[in-house]
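Report on one structure; see the data block that follows.
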Amino acid sequence: VSMVDGSLPLDNFRYYVIQDALYLTDFADCLNQLGEKMKNVDEKVSKRLHEFATGAEEAEKDLHRSFFKQWDIDATNAKAMPNTLLYTSYMTRIVATRPIEEGLAVLLPCFWVYMHVGKCMLALREQLDNKDNSNDGETKQQQRPPQFDAWIDMYGGEEFEREVKDYIAIVNNAAKGADASTLSKMEEHFIMSCKLEHMFWDQAQDLMGWPAVFDGKDPVDNDKKIEEEKSEAN
């Protein structure tokens, strides 16, 4: 809602976009890995998976790069924050070490959640903008940074919806031929990725960083120093 009404601080959105650009690199790599695995199973699906990877690397990351240019920032040396690393580590492990069906399932929430959120934001934007346009004064559209609208346009758009529905169809088809044990694992990975999606978005709310280090000093020695400083203060 805060993206739609323009109340989301731009710093939080910048944080999210930088982390998402890092995430998309691993996401695209996972899609390419699945595409390679599918070559001897279904050549058509293999090609489609590689196309999804290209979409993530080009269309989606082009959106991010356009934001970086508008903000005049260089994210080349950006580091993955805790929940980004947690999410990407989980999905890359499943894709690399588990059967194709499980790999397909672990990537599904990224497609589906973004489409759902995008569609909800698009509908809310239309509702708020129509309401404001009927009143006097500044509209929500005027208050909302253009980057928010560009994001909503992409993930709430028909083209992205077609991509997501194609991927869902691939996962559903894989599930039809899976045994009970594989289906259970597919469900497990799907649910876990949904949780990790939430955590990935949530970290931007708090601008999560890595815990502070002790500059190479022993933590015990550091604790002693803190206690000494407390005693001196008393």
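The values are calculated or read from the model by the stated rules, or taken from the named source; none is laboratory data. This one's a predicted model, so the numbers in the text were calculated from it and none came from an experiment. In this analysis, Cβ positions are derived from the backbone assuming ideal geometry, glycine residues included, and neighbour counts consider all displayed protein chains. Surface accessibility is based on the protein's heavy atoms, side chains included, excluding ligands, DNA and RNA. Shrake-Rupley method; radii C 1.70, N 1.55, O 1.52, S 1.80 Å.
Any residue that is farther than 25 Å from Glu197 by Cβ and either of a type in the set (Ser, Thr, Tyr) or touching a Ser or Thr at 6+ places or on another chain (Cβ under 6 Å) (or both) - is there at least one of those in the stretch 108-124?
There is no residue in the stretch 108-124 that is farther than 25 Å from Glu197 by Cβ and either of a type in the set (Ser, Thr, Tyr) or touching a Ser or Thr at 6+ places or on another chain (Cβ under 6 Å) (or both).
Identify, please: which residue in the stretch 6-33 is in a helix (DSSP H, G or I) and small (Gly, Ala, Ser) and is, among those, farthest from Arg48 (Cα to Cα)?
If we take residues in the stretch 6-33 being in a helix (DSSP H, G or I) and small (Gly, Ala, Ser), then Ala21 is farthest from Arg48 (Cα to Cα).
Quick one: is Val95 within 19 Å of Val171 (Cα to Cα) and either touching a His at 6+ places or on another chain (Cβ under 8 Å) or surrounded by 15 or more Cβ atoms within 10 Å (Cβ to Cβ) (or both)?
Here the answer is yes, as Val95 does meet what is asked.
Considering only residues that are of a type in the set (S, T, N, Q) and in contact (Cβ under 8 Å) with a residue 24 or more places away in the chain, look in the stretch 138-172 and name the one that is nearest to Ala105 (Cα to Cα).
Here the answer is Gln147.
Anything in the stretch 86-99 that is free of Cβ contacts under 8 Å to residues at least 40 places away in the same chain and either over 15 Å from Cys194 (Cα atoms) or touching a Pro at 6+ places or on another chain (Cβ under 8 Å) (or both)? List them, or say none.
Result: Arg93, Thr97.
Can you name every one of the helices (runs of 4 or more DSSP H) wholly within the stretch 106-213 that holds 2 or more residues which are at pLDDT 95 or above and open to solvent by less than 40 Å² (accessible area, probe 1.4 Å)?
Once the helices (runs of 4 or more DSSP H) in the stretch 106-213 are filtered for at least 2 residues that are at pLDDT 95 or above and open to solvent by less than 40 Å² (accessible area, probe 1.4 Å), what remains is 146-155, 158-176, 180-206.
Residues in the stretch 59-78: is at least one crowded, with 17+ Cβ neighbours inside 10 Å and acidic (Asp, Glu)?
Yes, the stretch 59-78 contains at least one residue that is crowded, with 17+ Cβ neighbours inside 10 Å and acidic (Asp, Glu).
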